[in-house]
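Okay, so here's the structure we're looking at.
The values are calculated or read from the model by the stated rules, or taken from the named source; none is laboratory data. Nothing here was measured: the structure is a model prediction, and the numbers come from that model. When we count neighbours, we look across all protein chains shown, and the Cβ atoms used for this are built from the backbone with ideal geometry, even at glycine.
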Amino acid sequence: MRDLARHSFEASAPAPASAAAPAGRLWVRRLVLGDFRSYGALRLEVDARPVVLTGPNGAGKTNLLEALSFIAPGRGLRRARLDEVGRRGAGAGTPWAVAATVVTAAGVLEIGTGRDPEVGPASLRRLVRIDGKAARSHAELARHLAVLWVTPEMDRLFQEGSGARRRFLDRMVYGHDAEHAARVAAYDHALRERARLLREGSRDTIWLHALEDAMAETGVAIAAARRRLVRRLRGSLELGRGPFPAASISLKGTLEGWLDEGPALAAEERFRALLAASRAEDAVAGGAKDGPQRSDLAVSHLASGMPAALSSTGEQKALLLSLVLAHARLETLERGSAPLLLLDEVAAHLDRVRRTALYEELAALGSQAWLSGTDEAMFESLGAGTQHFRVVDGNVVPR
């Protein structure tokens, strides 16, 4: 891979003295970009403290956060196609690369990822290397670190379709179940293949049975992993923290209901039978009438019982942050390190009390959060506990 070869696997330099961090802390020490969005080439060295990026709109702050989101499984915080991420003006589908030196509880990792330049637009593929070795897929990144983000687009998380809430939940599950990302990818592949066969009117019942067996096994495992995380999150959520409201969460879905009623093997058998019985219906509608792709995360204000979707805009934002912070606390307790947090323009949507409470929580967690915003004054209360960079026209300079 052209840019990964050029940028990704240089030997790690010793961390500067200011980068000293408690044992087990997760943080990015170096970020290197090649032909990514507005950046032709960038090399950014930071220490373990939270990072603040300020600058005008369109300067490239969110692009930096998006680059960091690609060291986790998935399509990044913008959910962009691989051929949309290449540097602007460099030509459609320009191969791009992101590399990061990441300090984890298990040691220092060199992570590189980017679009495979050897394949054309018709067969896009993302390559991942971990410590110089090719990974089978980007799902393997979940074995090493967890990354969560909050973006302005997520302000409507509780009002829009269930897909965004499932993706939000799955990113949290990745931090506790390293196999979850691979299961989600395997289930989605089997779901697409089955839909294609049904659409084409295939009579290959042996292959259909094999796909439905895979969907039953991985689908129930996905639902079970989500249930486990929701149960573990409840204690942290119900405590609440300062001005962030205590939240109540639950999962809604057929598979989750079956798991409430009996063992996983019984749920697999029921799902397998449902898939076989719904082939004709699914051939017309596409996809599958039920499964983990239909489940939803229900969130409400614990004290009032008000569903998040019916709460005010400010309360929805506070509930979202309550979820993210509760998960970060759980991750810190169970794994010994908080996840990497990418908070895009989050301060602008909080009043002073909640903004101060957020900063205090980040300090208590010991998270290397990356925060972006246009107004430097929003971050003044962070003080010397952070490192500030000014982003202007693709240039990133310390303040």
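Restricting Val324, Val392, Val346 to residues that are over 24 Å from the mean Cα position of the chain (by Cα) and aliphatic (A, V, I, L, M) narrows the list to Val392.
Annotation note: Cβ proximity below 8 Å between a residue of the range 186-212 that is of a type in the set (Ser, Thr, Tyr) and a residue that is assigned to a helix (DSSP H, G or I) and surrounded by 12 or more Cβ atoms within 10 Å (Cβ to Cβ) (sequence gap 6+ or interchain) occurs for Tyr187/Ala214; Tyr187/Met215; Tyr187/Thr218; Tyr187/Gly219; Tyr187/Ile222; Tyr187/Pro292; Tyr187/Gln293; Ser202/Leu208.
Find the residue count for the range 334-358, including only residues that are touching a residue at least 12 places away in the same chain (Cβ under 8 Å), part of a helix (DSSP H, G or I) and surrounded by fewer than 20 Cβ atoms within 10 Å (Cβ to Cβ). Qualifying residue count, the range 334-358: 9.
Residue-wise test of (1) modelled with pLDDT of 90 or more; (2) closer than 27 Å to Val32 by Cα.
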residue: Leu320; (1), (2): yes, no
residue: Leu340; (1), (2): yes, yes
residue: Val346; (1), (2): yes, yes
residue: Arg354; (1), (2): yes, no
residue: Leu371; (1), (2): yes, yes
residue: Leu382; (1), (2): no, yes
residue: Thr386; (1), (2): yes, yes
residue: Val396; (1), (2): yes, yes
residue: Arg399; (1), (2): no, yes
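In the range 119-142, is there at least one residue being of a type in the set (Val, Ile, Thr), more than 17 Å from Glu179 (Cα to Cα) and touching a Phe, Trp or Tyr at 6+ places or on another chain (Cβ under 6 Å)? No: zero hits. Name every residue in the range 254-283 that is outside any helix (DSSP H, G or I) and under 16 Å from Arg294 (Cα atoms), in order of residue number. Ser278 - this is the single residue of the range 254-283 that is outside any helix (DSSP H, G or I) and under 16 Å from Arg294 (Cα atoms). Here Gly305, Gly314 are screened, and the one residue that is over 30 Å from Ile206 (Cα atoms), over 25 Å from the mean Cα position of the chain (by Cα), free of Cβ contacts under 8 Å to residues at least 60 places away in the same chain and surrounded by fewer than 22 Cβ atoms within 10 Å (Cβ to Cβ) is Gly305. Among the residues of the range 178-197, those identified as of a type outside the set (Gly, Ala, Ser) and surrounded by 20 or more Cβ atoms within 10 Å (Cβ to Cβ) are His180, Arg183, Val184, Tyr187, Leu191, Arg194. For the range 40-52, the tally of residues that are surrounded by fewer than 22 Cβ atoms within 10 Å (Cβ to Cβ) and either within 19 Å of the chain's Cα centre (by Cα) or assigned to a strand (DSSP E or B) (or both) stands at 6. Scanning the range 324-347 for residues that are of a type in the set (A, V, I, L, M, F, W, C) and in contact with a strand residue (DSSP E or B) (Cβ under 6 Å, 6 or more places away or on another chain) yields Val324, Leu340, Leu341, Leu342, Leu343, Val346, Ala347.
Only one entry in Thr62, Thr104, Thr94 is polar (S, T, N, Q) and within 28 Å of Glu380 (Cα to Cα), namely Thr62.
Here Gly86 does not qualify as modelled with pLDDT under 95 and on the phi > 0 side of the Ramachandran plot.
From the list Arg270, Arg226, the one residue that fits, being surrounded by 13 or more Cβ atoms within 10 Å (Cβ to Cβ), closer than 24 Å to Leu319 by Cβ and of a type outside the set (Ser, Thr, Tyr), is Arg226. Tell me yes or no: at least one residue of the range 101-124 is surrounded by fewer than 17 Cβ atoms within 10 Å (Cβ to Cβ), farther than 29 Å from Lys252 by Cα and acidic (Asp, Glu). Yes, the range 101-124 has at least one match. Pairs linking a residue in the range 241-258 that is within 17 Å of Leu302 (Cβ to Cβ) to a residue that is part of a strand (DSSP E or B), with Cβ atoms under 6 Å and 6 or more positions apart or on different chains, are Pro245/His301; Ala247/Val299; Ser248/Ser300; Ile249/Val299; Ser250/Ala298. For the range 198-216, taking the residues that are among the hydrophobic types (A, V, I, L, M, F, W, C) and buried (at least 16 other Cβ atoms within 10 Å of the Cβ), the one that is nearest to Val284 (Cα to Cα) is identified as Leu198.
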